[in-house]
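K.L.:
Dropping a structure here in structure tokens format, bear with me for questions.
All of the numbers you see were taken from the coordinates with simple rules; none came from a lab. Being a predicted model, the structure only gives us computed values, none of them experimental. We place every Cβ from the backbone using ideal geometry, glycine too, and count neighbours over all the protein chains shown.
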Amino acid sequence: MKYVLILLAVLGIVASTLALREHYRTEGDSPCSINERWDCGIVNHSPYAVVRGTGIPVAVLGIAGYLLMGALAWRRAYRLLLVAALAGLAFSLYLAHIEAHVLGVWCIYCAISLGDISLITLLSLGTAAASLFHKPTAGSIS
């Protein structure tokens, strides 16, 4: 499970990096401007693309969060990973709400990230739960 979670964290880093690139794009059309409902440029240039009062792009938080989750998966710290994943999922759902109900436009990189953090959350939940019910092996001292 460790390597699956690390691979998913890498996918999240890639999606967040692409969103950050879009945030700083100043010329040309967005490569993910599909139609009036799917346009990463609109989403990543909106006021919601930065943490209010700091100027830090939300995509930077995504990169940092996925790096943390990858490190926790590497160390097999699945309970801590679950905590980080739940926080990431909550934030990603908030951003999806902004896209759906405030901006009215979706970002494909954000949708990929939402699917990715959802998978990480489910897998880390299952792994953490399995560790709670894991039977000690023969010969181990409790």
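K.L.:
Please state the equivalent ellipsoid semi-axes for the chain: what are the square roots of 5 times the Cα gyration tensor eigenvalues, largest first, in whole Å?
P.N.:
35, 13, 13
K.L.:
If we count other beta carbons within 10 Å of each Cβ, what is the order of 40, 32, 107, fewest first?
P.N.:
Going from sparsest to densest Cβ surroundings: 32, 40, 107.
K.L.:
Right, here's the next one. Taking the dipole about the Cα centre of the chain, with the C-beta of Lys and Arg at +1 and of Asp and Glu at -1, give me whichever of 72, 95, 31 is farthest to the positive side.
P.N.:
Checking the options against the dipole of the chain, the answer is 72.
K.L.:
Okay, moving on. Which cross-chain or sequence-distant (5 or more) residues have an amide H under 5 Å from the amide H of residue 106, H modelled 1.01 Å from N in plane?
P.N.:
For residue 106, whose amide H was placed from the backbone, the distant partners under 5 Å are 38, 39.
K.L.:
What order do you get for 116, 39 when you list them from fewest to most C-beta neighbours inside 10 Å?
P.N.:
If I rank by nearby Cβ atoms, fewest first, I get 39, 116.
K.L.:
Got a sec? How would 121, 26, 54 order by Cβ neighbour count within 10 Å, fewest to most?
P.N.:
26, 54, 121
K.L.:
Let me ask you something else. For the chain, which longest stretch is free of loop sites, where a loop site is one of the trypsin sites (Lys or Arg not before Pro) that DSSP puts outside H, G, I, E and B and that has at most 11 other Cβ atoms within 10 Å?
P.N.:
76-142
K.L.:
Still on this structure, please answer the following. Treating the beta-carbon of each Lys and Arg as +1 and of each Asp and Glu as -1, no other charges, what is the dipole magnitude of the chain about its Cα centre, to the nearest 20 debye?
P.N.:
The calculated dipole for the chain is roughly 780 debye.
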